[in-house]
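Asker: The structure under discussion is supplied below as structure tokens; questions concerning it will follow.
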Amino acid sequence: MKERVEELARFIDFVSARFKENEGLFESRLEVSHRELALLRTLAAEGPMISKNLGARFQVPVSTMTGLVDRMEKKGLLRRAPNRRDRRSIELVATPAGTLVLEEQHRGLQAMARGILDALPKSDQQTLIAILRRVEHGGNRKAS
């Protein structure tokens, strides 16, 4: 078991390094930080949110979140808008430019996934996906 754990750890390190390299290239090309991407992903997935909630989610003080939001707003990635439920507070909303950044990043991930799958025969591709589904679900569910 120890040898399998070591080998899997090497594979995880290899794949992780490739993802980080890809993210780094993407971030420098589009001039967005890792935190900015994470914030945009959250807004895209969950809809508009107030800064305080996002700060809590990312475990950063409101002052840090304010600076991040200011930079992102200046880049046109998000905008501040009156809260739909409480007009006294402000929500953060991803702009079309922010959505385009996420789409571009997603295309980069797809290209990386395609490269991984292209290195495998079709039967191994299906096996890899089935195994990763089981890992994603904690091994509790049978992959479909």
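The values are calculated or read from the model by the stated rules, or taken from the named source; none is laboratory data. No experiment lies behind these values; they were computed from the predicted model shown. Cβ: placed from backbone, ideal geometry, glycine included. Neighbour counts: every protein chain shown.
Asker: For region 67-81, what are the residues that are touching a strand residue (DSSP E or B) at 6+ places or on another chain (Cβ under 8 Å) and assigned to a helix (DSSP H, G or I)?
Answerer: 69, 72, 73
Asker: Would you mind telling me which numbered condition in (1) surrounded by 14 or more Cβ atoms within 10 Å (Cβ to Cβ); (2) closer than 19 Å to residue 25 by Cα residue 94 fails?
Answerer: The single condition residue 94 does not satisfy is (2).
Asker: Here is a follow-up. Kindly list, by first and then second residue, each pair from a residue in region 8-32 that is charged (D, E, K, R) to a residue that is modelled with pLDDT of 80 or more, limited to pairs with Cβ atoms under 7 Å and residues at least 6 apart or on different chains.
Answerer: If the second residue must be modelled with pLDDT of 80 or more, the pairs left are 18/112; 23/34; 27/33; 27/34.
Asker: For region 57-87, which positions are hydrophobic (A, V, I, L, M, F, W, C), modelled with pLDDT of 90 or more and out of contact with any Phe, Trp or Tyr (no Cβ under 9 Å at 6 or more places or on another chain)?
Answerer: Matches in region 57-87: 69, 72, 77, 78, 81.
Asker: Can you find even one residue in region 40-58 that is touching a residue at least 12 places away in the same chain (Cβ under 8 Å), surrounded by fewer than 16 Cβ atoms within 10 Å (Cβ to Cβ) and in contact with a Lys or Arg (Cβ under 8 Å, 6 or more places away or on another chain)?
Answerer: For region 40-58, residues touching a residue at least 12 places away in the same chain (Cβ under 8 Å), surrounded by fewer than 16 Cβ atoms within 10 Å (Cβ to Cβ) and in contact with a Lys or Arg (Cβ under 8 Å, 6 or more places away or on another chain): present.
Asker: Oh, and also: Among (1) of a type outside the set (Ser, Thr, Tyr); (2) farther than 18 Å from residue 38 by Cβ; (3) assigned to a loop (DSSP other than H, G, I, E, B); (4) within 19 Å of the chain's Cα centre (by Cα), where does residue 135 come up short?
Answerer: (3)
Asker: Just one of the numbered conditions (1) at pLDDT 95 or above; (2) closer than 30 Å to residue 28 by Cα is not true of residue 101; which one?
Answerer: The number of the failed condition is (1).
Asker: Turning to a different aspect of this structure: Please verify whether residue 63 is surrounded by fewer than 12 Cβ atoms within 10 Å (Cβ to Cβ), under 16 Å from the mean Cα position of the chain (by Cα), assigned to a helix (DSSP H, G or I) and free of Cβ contacts under 8 Å to residues at least 60 places away in the same chain, treating the condition exactly as stated.
Answerer: In short, no.
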